[in-house]
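We did not get these values from a lab; they are worked out from the coordinates using the rules stated. For clarity, every value in this text was computed on a predicted model and none was experimentally measured. Cβ sites come from the backbone with ideal geometry, for glycine too, and all protein chains shown count toward neighbours.
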Amino acid sequence: MKELICIVCPRGCHLTVDDNLNVSGNNCPRGEAYAKAELTHPTRTLTSTVKITSKLEVRCPVKTDKPLPKEKIYEAMDLINHVKISAPVKIGDIILENILGTDVNIVATKNINE
Amino acid sequence: MEQFDLVIIGGGSAGMSAAIESYNLGIKDILILEKNNYLGGILNQCIHNGFGLQEFKEELTGPEFMSRFSKKVNELGIKYELNTNVLGISKDKVVSYSNKDGYKEVKAKAIILTTGCYERNAGAISLGGDRPSGVYTAGQAQLYLNNYGKLVGKKVFILGSGDIGLIMARRMSLEGAKVLGVAELMPYSAGLNRNIVQCLQDFNIPLYLSHTVKEVIGPKGHLEKIVLAQVDERFNFIPGTEQEFECDTLLLSVGLVPNVDLLSKLGIHFAKSRGPVVNQYMETELEGLFASGNVLHVHDLVDYVVSEAREAAQGVYLFLNNKLPNTNEKSLVKPLKGVGYVVPNYIQKIDNDDKLIFKFRVAKPYKNINLVIKEGDKVIKKIFKLAIIPSEMEIVKIDKKLFELNGEDITVEVEEK
């Protein structure tokens, strides 16, 4: 038996998972998927910023377009901190592709036009 | 003097949402006044994800969430002025402001105040000890890091377990800072549960409940260390529990307060939420002046801010069409046992089918209780809650027909079993 707090959304459901990975306490199917993943291969969405050459901004916010294996978060941060991009950039533009062989891309989360 | 049907003060998520909804209701003569050089307000620095699950059924970052609204504002051609400092609102709804074009006054038929909230700082909590550099509010450090790329320190202690503090614990850890701990005065966290997990537990950051910073030490002008101590149930320090932490940064995440400065000269009353007293359409005691979002009461989710701003826009629509009478026929809404505050503060008797929406917070965590909404002695609604905490706002929608609205008080209370 293991107790978890669901981090999928801000609701924060209290989940209970038994030894056979049966999940209870979730208010939606995503809670069940989260609990199973958390106990087998935990992942996290990573958000950060990259340097940008722009008239308006010095940083462009970015995120992983899919959850990243938790143990790779610091390696991903290292990649992100070595990137410099130039405006214009649009939400969803791929900044780094298929990082660390995970099939996860780093994408922009802000429109910076000039 | 230039005139507008609606002037919206503040172009953050509440202001933009109110503007779009008003426009869709046929109020097209709108002016938004925004102090920054961009729309979107505080969401611009909230680069983490978790926004928009209710509004868009997907999880967005702050900049992504707000860009959907700013895009719409631009598409609709709603007029806005940036870099604009609003100086005052008069009782006859003249809004005065200054920007690069100088000082200006405009006359508004209706106003929605969406100025958000500000962070409590070291002075506000009577933080003990020196006043060195290195002490920041969490939001200030967030702005420096996320928008300017400046990490304010390398060894960090965080006072207060509000969500921004927790988010910054993770963010600064990711950028290479060592976060030594988070202290919370109360015996429970002020932040969302999921942030305790993904911001503290993921990074092995200890949470010290019933603890606070007793002394800030930085005699040479920069922070050198803090003294942490445990408190008893009356928040007095327990002698002998002091611990020192050497650090160069102390972040304060000790609460948000509605930014109501512009209302101070209007003679209107304020509620327990510290926002203005309002009716069910978020109209203040000054006819035609509405408030919504964090200036009214501090919300935990921006999705709730957006929907509340739409309710205020509905109110503006009724007001401008003379369907929101300023009568004395009102029923007061009062928080009773176990409830911190309730929005709205009174219900006006208006003949329409709109539902009544009550938003409130409990004053402390409870388990296995009923939330009871009454009119006079009559129970209108009873809701069972397995667990309820102050950091999670309750929203209850009730059919207006269930109420008499004959002037008897409407009350919200916790009923323990």
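At-a-glance table
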{"quantity": "Per-pair calculated FRET efficiency, R0 = 22 Å: B:Asp399 and B:Asn328 via Cβ, rounded to 0.05", "calculated": "0.35"}
{"quantity": "Sequence-distant residues sharing a close amide H with B:Thr137 (under 5 Å, placed H)", "calculated": "B:Leu252"}
{"quantity": "Leading residue at positive end of dipole, chain A (Cβ point charges), from A:Cys13, A:Thr45, A:Val83", "calculated": "A:Val83"}
{"quantity": "Residue with peak Gaussian network fluctuation, chain B [Cα springs, cutoff 10 Å], from B:Ala169, B:Ala177, B:Ala309", "calculated": "B:Ala177"}
{"quantity": "Under 12 Å from the Cα of B:Lys150 - aspartates and glutamates, other chains or at least 8 residues apart", "calculated": "B:Glu175"}
{"quantity": "Cα long-axis angle, helix B:62-76 against chain B (0 to 90 degrees, to the nearest 10)", "calculated": "20"}
{"quantity": "Linear extension gain, B:Lys385 paired with B:Glu244, 0.36 nm per residue minus alpha-carbon span", "calculated": "46.7 nm"}
{"quantity": "Kirkwood Rh, angstrom, the protein assembly as shown [1 / mean 1/r, Cα pairs]", "calculated": "24.6"}
{"quantity": "Distance in nm between pseudo-label sites at A:Asn81 and A:Glu97 (7 Å out along the Cβ direction from Cα)", "calculated": "2.6"}
{"quantity": "Segment B:Tyr144-B:Lys28, length gained on full extension (0.36 nm per residue, minus Cα span)", "calculated": "38.1 nm"}
{"quantity": "B:Val278 long-range amide H proximity, modeled H, under 5 Å", "calculated": "B:Asn345, B:Tyr346"}
{"quantity": "Under-5 Å amide H pairs with B:Tyr38, H placed in peptide plane, nonlocal only", "calculated": "B:Asn83"}
{"quantity": "Karplus 3J(HN,Hα) series, Hz, for segment B:351-356 with 6.51 cos²θ - 1.76 cosθ + 1.60 (x for Gly, Pro)", "calculated": "8, 7, 9, 4, 6, 8"}
{"quantity": "Nearest-ten-degree value, helix B:138-148 long axis tilted from longest Cα axis of chain B", "calculated": "90"}
{"quantity": "From phi via Karplus (6.51, -1.76, 1.60), per-residue ³J(HN,Hα) for segment B:374-388 in Hz, x at Gly/Pro", "calculated": "10, 10, x, 8, 7, 6, 8, 8, 10, 10, 7, 10, 5, 8, 8"}
{"quantity": "Lys, Arg +1 and Asp, Glu -1 on Cβ, resulting dipole of the protein assembly as shown about Cα centre, debye, nearest 20", "calculated": "340"}
{"quantity": "FRET E, pair A:Asn113, B:Lys265, Förster distance 41 Å, beta-carbon r, rounded to 0.05", "calculated": "0.55"}
{"quantity": "Helix-only [θ]222 nm of chain B, DSSP H runs n ≥ 4, -39500 (n - 2.57) each, per residue, nearest 500", "calculated": "-5500 deg cm²/dmol"}
{"quantity": "On Cα atoms only, tilt of B:13-24 relative to the major axis of chain B in degrees", "calculated": "20"}
{"quantity": "Cysteines in the protein assembly as shown that, by Cβ-Cβ distance, have no pairing candidate under 4.7 Å", "calculated": "A:Cys9, A:Cys28, A:Cys60, B:Cys46, B:Cys117, B:Cys199, B:Cys247"}
{"quantity": "Inter-label distance for B:Tyr188 and B:Glu215, nm, one decimal - labels placed 7 Å from Cα along Cα-to-Cβ", "calculated": "3.4"}
{"quantity": "Karplus 3J(HN,Hα) series, Hz, for segment A:86-96 with 6.51 cos²θ - 1.76 cosθ + 1.60 (x for Gly, Pro)", "calculated": "10, 5, x, 9, 10, 3, x, 4, 7, 8, 9"}
{"quantity": "Two-site FRET efficiency, B:Phe56 against B:Asp409, from Cβ-Cβ distance with R₀ of 30 Å, rounded to 0.05", "calculated": "0.20"}
{"quantity": "Selected from B:Ser173, B:Tyr148, B:Met282, residue furthest toward positive end of dipole (the protein assembly as shown; charges at beta carbon)", "calculated": "B:Tyr148"}
{"quantity": "Max mean-square fluctuation residue, GNM over chain B, Cα-Cα springs under 10 Å, options B:Tyr281, B:Tyr97, B:Tyr346", "calculated": "B:Tyr97"}
{"quantity": "Calculated Rg and Dmax of segment A:47-108 using C-alpha coordinates, Å", "calculated": "11.3, 36"}
{"quantity": "Estimated dipole of segment A:36-114 in Debye, rounded to 20 [Cβ of Lys and Arg +1, of Asp and Glu -1, Cα centre]", "calculated": "220"}
{"quantity": "Inter-probe distance in nm under a simple model that places probes 7 Å from Cα toward Cβ, at B:Tyr103 and B:Asn236", "calculated": "5.3"}
{"quantity": "Residue of B:Ile196, B:Ile205, B:Ile268 that the Gaussian network model of chain B assigns the largest fluctuation, springs spanning Cα pairs under 10 Å", "calculated": "B:Ile268"}
{"quantity": "Whole-angstrom gap from segment A:68-106 to segment B:332-367, using each part's C-alpha centre", "calculated": "45"}
